[in-house]
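Notes follow the structure.
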Amino acid sequence: MKRKIAFRLIAVFIIGISFAACQKEDENTTEEITRDKYVGTWAANETPVAKQTWESIITIDATSSNKIKVSKFANLAGNALVIVSGMNLTIPAQSINGNEIEGTGKYQNSNLITWSYSVNDGADIKYYTAIYNRK
């Protein structure tokens, strides 16, 4: 008899823990990442080019509700238009000074953005990763 009671108590305890573990997290606790979070001056470091570093400035694109402008993207003179979707960034195919670029990025935290993209200069397509550190 004592065994049955102990078994039932353990079963109730396990079921209670299971329901608690399945509770939906409060969605208000996660920080909303908006275009404003990206605005500022960034030190860009690109690979596979050995230690190629430059300064890039990110501003809000006033002509849209979900884009930012990234100056000197891929160390090219001109701005890249980038689509912001929370922490995810999309570089749609576009031309900067005769170079076709496209790729993705990720907001890691308030001081770090990571990028993965290609640059086609008309002769070769090269693939890069870059790290942007806030200055």
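Mind telling me which of the residues 101, 68, 91 ends up being surrounded by 14 or more Cβ atoms within 10 Å (Cβ to Cβ), closer than 16 Å to residue 37 by Cα, at pLDDT 95 or above and more than 11 Å from the chain's Cα centre (by Cα)? It would help to see each step written out before you state the result.
Working: 101 fails: closer than 16 Å to residue 37 by Cα; 91 fails: closer than 16 Å to residue 37 by Cα.
Testing whether each residue is surrounded by 14 or more Cβ atoms within 10 Å (Cβ to Cβ), closer than 16 Å to residue 37 by Cα, at pLDDT 95 or above and more than 11 Å from the chain's Cα centre (by Cα) leaves just 68.
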- Task: Looking at (1) under 16 Å from residue 127 (Cβ atoms); (2) surrounded by fewer than 14 Cβ atoms within 10 Å (Cβ to Cβ); (3) among the hydrophobic types (A, V, I, L, M, F, W, C), find the lone condition where residue 77 falls short.
- Result: (1)
- Evaluation of residue 89 against (1) in contact with a Gly (Cβ under 8 Å, 6 or more places away or on another chain); (2) closer than 17 Å to residue 56 by Cβ; (3) outside any strand (DSSP E or B) (one fails), failing number: (3)
- Item | Extreme residue, surrounded by the fewest Cβ atoms within 10 Å (Cβ to Cβ), among residues of segment 23-52 that are modelled with pLDDT of 90 or more and over 21 Å from residue 74 (Cα atoms) | 36
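Does residue 110 satisfy being out of contact with any strand residue (DSSP E or B) (no Cβ under 6 Å at 6 or more places or on another chain), at pLDDT 95 or above and loosely packed, with under 11 Cβ neighbours inside 10 Å? Reasoning before the result, please.
Numbers: out of contact with any strand residue (DSSP E or B) (no Cβ under 6 Å at 6 or more places or on another chain): yes; at pLDDT 95 or above: yes; loosely packed, with under 11 Cβ neighbours inside 10 Å: no.
Criteria not met by residue 110.
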- Message: If I filter segment 113-126 down to residues being of a type outside the set (D, E, K, R), in a strand (DSSP E or B) and without any contact (Cβ under 8 Å) to a residue 40 or more places away in the chain, which single residue comes out as surrounded by the fewest Cβ atoms within 10 Å (Cβ to Cβ)?
- Response: 125
- Query: (1) in contact with a strand residue (DSSP E or B) (Cβ under 8 Å, 6 or more places away or on another chain); (2) in a loop (DSSP other than H, G, I, E, B): which one isn't true of residue 104, the others all being true?
  - Reply: (2)
- Among all residue pairs at least 6 apart or on different chains, which show Cβ distances below 7 Å where the first residue, located in segment 32-46, is closer than 12 Å to residue 133 by Cα and in contact (Cβ under 8 Å) with a residue 24 or more places away in the chain and the second is in a loop (DSSP other than H, G, I, E, B) and not polar (S, T, N, Q)? 41/135; 42/135; 43/135
- Message: Take residue 130 and tell me if it is touching a residue at least 40 places away in the same chain (Cβ under 8 Å), touching a helix residue (DSSP H, G or I) at 6+ places or on another chain (Cβ under 8 Å), surrounded by 15 or more Cβ atoms within 10 Å (Cβ to Cβ) and small (Gly, Ala, Ser).
- Response: yes
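The values are calculated or read from the model by the stated rules, or taken from the named source; none is laboratory data. Bear in mind that the values here come from a model prediction, so they are computed numbers and not experimental data. So basically every Cβ, Gly included, is an ideal-geometry build from the backbone, and we count neighbours across all protein chains shown.
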